[in-house]
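*Asks:* The structure is given below, and queries will be raised subsequently.
Each reported figure results from applying straightforward, stated rules to the coordinates on display, with no laboratory input. Just so it is clear, the structure is predicted and the values come from calculations on it, not from any experiment. Glycine gets a Cβ as well: all are built from the backbone with ideal geometry, and neighbour counts include every protein chain shown.
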Amino acid sequence: MTSKLDSRLIASMPDAQGRFGDYGGKFVSETLMHALAELDDVYRMLSKDPDFQREFDHDLAHYVGRPSPLYEARRWSDMIGGARIYLKREDLNHTGAHKINNTVGQALLAKHMGKPRVIAETGAGQHGVATATIAARLGLECHVFMGAEDVQRQSLNVYRMKLLGATVVPVTSGSSTLKDAMNEAMRDWVTNVDNTFYIIGSVAGPHPYPMIVRDFQCVMGREARAQSLAQTGRLPDALVACVGGGSNAIGLFHPFLQDDAVEIYGVEAGGHGIGTGRHAAPLSAGSPGVLHGNRTYLMQDEDGQITETHSVSAGLDYPGVGPEHSWLKDTGRVTYVSADDTEALAAFHRVTRTEGIMPALETAHALAYAEKLAASMTPEQTIVVNLSGRGDKDILTVAKIDGIEL
Amino acid sequence: MSRIAQRFADLSAAGRKALITYVVAGDPTPGLTVPLLHALVDAGADVIEVGVPFSDPMSEGPVIQRGHERALKNRVRLRDVLSMVSEFREKDPDTPLLLMGYANPVEHMGYPAFADAAVKAGVDGLLTVDVPPEEVERVNRELKRVGMDNIFLIAPTTPEARLHLITDQASGFIYYVSLKGVTGAGNLDIDDVSDHVSRIRLCTELPVCVGFGIKDAASAAAVARVADGVVVGSALVSLVADVIAGGGEPAEAMAAAASLLGEIRSGIDARSVTDAL
């Protein structure tokens, strides 16, 4: 049973310092403190400005293609034989994932702040593609930082970004994955802070990013809540979403946090299995610390060094997690679990074959847990899963794992 | 009076400017660190900054990033760094020494445990790059308890309104970051540095030292004209690493570092003489 949260407490997070209880904050070099304060001021002003909201809503409707459907996965639910599962179809958005909701919003902020250049970090490449896309549309210069290892395993998305006019910068420092891409993006920002807007792709990073990204992504949860009421006459019994940095999860969860009857599950990447230590599940098996501008649960060793993560999905291969998730874990409102590589791949195949919907490998982690959860529930109950992205980008990875040469 | 404050007071009385050197503990080899620190002091360093290796050194340029990576590969951790400081203190009880690094290793050890262990080892101050005054309360409480200084960065982007927020929490000295960017980057604009240093002096009596982008005697001398001290980091780190990577002996690396530092020292001191005339 999950614990209840007072609605005023939920609405008060983060506080003026950007903290969610003990988590969050602004742990960055002094050079960036002014830029963060400026962003906070501009965002607080624009978020109350009806013209800005109208512009954002207009772009979400006509450029992204919102609202995304809430789709009942009948064959898959029948096969499992438990609760009915509904998929929030973020894979149908322009560029194929939920990431675009946030980049559209942050790019509008960049435009209002008069910044001609945007930068982004990316893991699976979805956020990089979404940023390159909106940069092309607004005529902004765009540099995307990507771990050299991810450049290899996500070559299709790398080429997509290049076609869109972005410069993709492979990062070879550290473990050459998402965390190192974020380090490098921070270094670029500290150097070019005058003319550059850093479009962070998840609810991680220093305040105000976890708040801004959450607010832009909450459109998913608001829609899903209204769609559930319209389609089933009531709220879902449970929500499930995968958690890397955690933006698709917080965007779905947040509008439901005060609905006490709705159980909420965040699914981390179990990699080779939590017991092996080779995973990317800081909430399930990490401890609090400071990385990338905020205090949150981390994968770290006994000396406070950040450890390498392992996941079949590049988008979940991150040693930290958004600070609001850390808070939600400690309060008990959200239950964090994990699905390992094998479980995620199995769910990927099952949903593809029963529904004709090919999910991203990140999303497949949420689907894997949803199967277990649904099986423990009754057909009168419903689950909403965030189908956060489509799986085209992962076809080569899946083929390789299945031993197929394309 | 702390060792850091004492050293700046002595330098000020002698009309000299401080030379502060930065190396990463355990880079390029753990055995080289303590002898290198002594060599730097012999070559004219007034204050020693020791970098604590971290897996994600967000504010460092490529040169010092590689230094952190080499040190971690050598399995040098915060506890090892403190042991190195203890060893350094056996022969050098006077030179002020501060640790420079990132929040997480210190936070993971626990601020009270860190403060006790660091002061016992002979550490005089801490500079945590990713802990601005807004986040410093937990660490400062412990540093004050054991009498360690907390050194803060001020950047070219720091607005007027933040200066007091920083100087109110700071002790030891102020570290002015001479440019927007990472360590080891770009070229200095001395007039710009001078303006900012003057602005900081209106807020604090603490010495103001300047780092980032100081590579040689000329740039060090120019900065020493407007500040109380200069910090040399990337130039030393790359020099030592290059000698060792090229198959050189530790003694050669130390000699090369001492030679560079000697030139920088002369540049700074020549400046003092010129100004005195």
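*Asks:* Given H placed on each backbone N at 1.01 Å, which residues far from B:Val210 in sequence or on other chains put an amide H within less than 5 Å of it?
*Replies:* Under 5 Å from the amide H of B:Val210 lie the amide H atoms of B:Tyr176, B:Gly229, B:Val230, B:Val231, each far enough along the sequence or on another chain.
*Asks:* Oh, and also: For region B:43-81, which trypsin sites (Lys or Arg not before Pro) pass both filters: DSSP loop (anything but H, G, I, E, B) and at most 14 other C-beta atoms within 10 Å?
*Replies:* Sites meeting the loop and neighbour criteria: B:Arg75.
*Asks:* Once phi is turned into ³J(HN,Hα) by the Karplus curve 6.51 cos²θ - 1.76 cosθ + 1.60 with θ = phi - 60°, what whole-Hz value does each residue of region B:182-193 show in order, with x for glycine and proline?
*Replies:* Ordered by residue, 3J(HN,Hα) equals 9, 4, x, 8, x, 10, 7, 10, 5, 4, 5, 4 Hz.
*Asks:* Something else now. Hey, can you grab everything whose amide H is under 5 Å from the amide H of A:Asp340? Only 5+ residues off in sequence or another chain; H modelled, so Pro and N-termini drop out.
*Replies:* Amide H neighbours of A:Asp340: A:Gly270.
*Asks:* Right, another one. If you plug each phi of region A:237-243 into the Karplus form 6.51 cos²θ - 1.76 cosθ + 1.60 with θ = phi - 60°, what whole-Hz ³J(HN,Hα) values come out, in order, with x for Gly and Pro?
*Replies:* Result, ordered by residue: 7, 8, 10, 9, 8, 7, 10 Hz.
*Asks:* Turning to a different aspect of this structure: Which shape class applies to region A:203-280: rounded if a/c is under 1.5, otherwise prolate when a/b exceeds b/c and oblate if not, where a ≥ b ≥ c are the square roots of the Cα gyration tensor eigenvalues?
*Replies:* In terms of gyration-tensor shape, oblate.
*Asks:* Further question: Need one word for region A:1-69: rounded, prolate or oblate. Basis is the Cα gyration tensor (sqrt eigenvalues a ≥ b ≥ c); a/c below 1.5 gives rounded, then a/b vs b/c decides.
*Replies:* Taking the square roots of the gyration eigenvalues as a ≥ b ≥ c, region A:1-69 is oblate.
*Asks:* Same structure, new question: Once you order the gyration tensor axes a ≥ b ≥ c over the Cα atoms, which shape class does region B:77-123 get: rounded for a/c under 1.5, otherwise prolate or oblate by comparing a/b with b/c?
*Replies:* It comes out prolate by the Cα gyration axes.
*Asks:* If every alpha-carbon in the protein assembly as shown counts as one equal scatterer, what log10 I(q)/I(0) does Debye give at q = 0.08, 0.09, 0.10 1/Å?
*Replies:* Here log10 of I(q) over I(0) equals -0.61, -0.76, -0.91.
*Asks:* Further question on the same structure: Could you work out the local net charge near A:Gly273, counting Lys and Arg as +1, Asp and Glu as -1, over the other residues with Cβ closer than 13 Å to its Cβ?
*Replies:* Its environment carries a net charge of -3.
*Asks:* Can you give the longest run of chain A that contains no trypsin sites (Lys or Arg not before Pro) sitting in a DSSP loop with at most 10 other Cβ atoms inside 10 Å?
*Replies:* A:49-233
*Asks:* Okay, next question. Just to check I understand the Karplus step: with θ = phi - 60° and J = 6.51 cos²θ - 1.76 cosθ + 1.60, what whole-Hz values come out for region A:81-98, glycine and proline as x?
*Replies:* Per residue, the Karplus-derived 3J(HN,Hα) values read x, x, 4, 7, 10, 10, 10, 7, 7, 5, 5, 8, 5, 3, 6, x, 7, 5 Hz.
*Asks:* Under 5 Å between amide hydrogens, which residues at least 5 positions from B:Val50 or on another chain qualify, with H placed 1.01 Å from N in the peptide plane?
*Replies:* B:Leu98, B:Leu99, B:Met100
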